[in-house]
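Following: one structure in structure tokens, then a few remarks.
The values are calculated or read from the model by the stated rules, or taken from the named source; none is laboratory data. From a predicted model like this one, the values you see are computed outputs, not experimental measurements. Note that we place each Cβ from the backbone using ideal geometry, even for glycine, and neighbour counts take in every protein chain shown.
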Ligand code: PAN
Ligand code: ZN
């Protein structure tokens, strides 16, 4: 007997109706942003909500899929845009498809073995294929919430520790009013 097979997106509320919601605040992203002083200054305030994920994880068999609706709010920490924590999948070869529904942004991808990094556009009408073995992070480069869906194998799992330990090599910052991917090491700030 199949469980419920369809859900309803409430894009204005930023949720999948009836699905549990995870909320990530600035304090959940300690160590993620390059500009430590800018992070501390913003943390001294109200600990803003950076993003929410409303997830459907109903089917758990081999070959099943999970999906989540993400809403990432606009803002910056120093020059760096608001972003998700980022992770690798615990099952490293598990890929994922991201579908942009509203707003403007990008995904930062980093191959775990080679460090190869890519900034791929993710906004309304854009789809990004995240290959296996790629750490992935979503970034809002616009002025309104970035709303997207991610679909991934049910047994993918989330490994936050591996990428958090060394952090992504690249950061996405605003340069001349536009998003640019630059090396974290090359930033001229106290990290
Ligand atoms: C997404 C992410 C979502 C939030 O559903 O979980 O964008 O990002 P973090 O999990 O890095 O906080 C996904 O990639 N699932 O596998
Ligand atoms: Zn993922």
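State whether one or more residues within segment 79-86 are under 14 Å from residue 148 (Cα atoms) and buried (at least 18 other Cβ atoms within 10 Å of the Cβ). The answer is yes; a qualifying residue exists.
Applying the set (1) in contact (Cβ under 8 Å) with a residue 40 or more places away in the chain; (2) under 19 Å from residue 23 (Cα atoms) to residue 153 leaves exactly one unmet item: (2).
Would you say residue 67 is more than 14 Å from ligand 2 (Cβ to nearest atom) and modelled with pLDDT of 95 or more? Outline the logic, then answer.
Numbers: more than 14 Å from ligand 2 (Cβ to nearest atom): no; modelled with pLDDT of 95 or more: yes.
Criteria not met by residue 67.
Look at (1) within 16 Å of ligand 2 (Cβ to nearest atom); (2) over 24 Å from residue 123 (Cα atoms) and you find that residue 55 fails only one, number (2).
Screening 132, 142 for residues that are under 30 Å from residue 63 (Cα atoms) and either surrounded by fewer than 17 Cβ atoms within 10 Å (Cβ to Cβ) or touching a strand residue (DSSP E or B) at 6+ places or on another chain (Cβ under 8 Å) (or both) leaves exactly one candidate, 132.
Which ranges mark the strands (runs of 3 or more DSSP E) fully within segment 97-191 that have 3 or more residues being within 14 Å of the chain's Cα centre (by Cα) and within 13 Å of ligand 1 (Cβ to nearest atom)?
Fully inside segment 97-191 and qualifying: 105-111, 127-130, 134-140, 146-153.
Look through 42, 50 and report the one residue that is at pLDDT 95 or above, within 29 Å of residue 187 (Cα to Cα), touching a helix residue (DSSP H, G or I) at 6+ places or on another chain (Cβ under 7 Å) and within 13 Å of ligand 1 (Cβ to nearest atom).
50
With respect to the conditions (1) more than 10 Å from ligand 1 (Cβ to nearest atom); (2) within 25 Å of residue 182 (Cα to Cα), residue 72 lacks only one, and its number is (1).
Tell me whether segment 103-120 contains one or more residues that are closer than 15 Å to residue 157 by Cβ, crowded, with 18+ Cβ neighbours inside 10 Å and in contact (Cβ under 8 Å) with a residue 60 or more places away in the chain. The answer is no; no qualifying residue exists.
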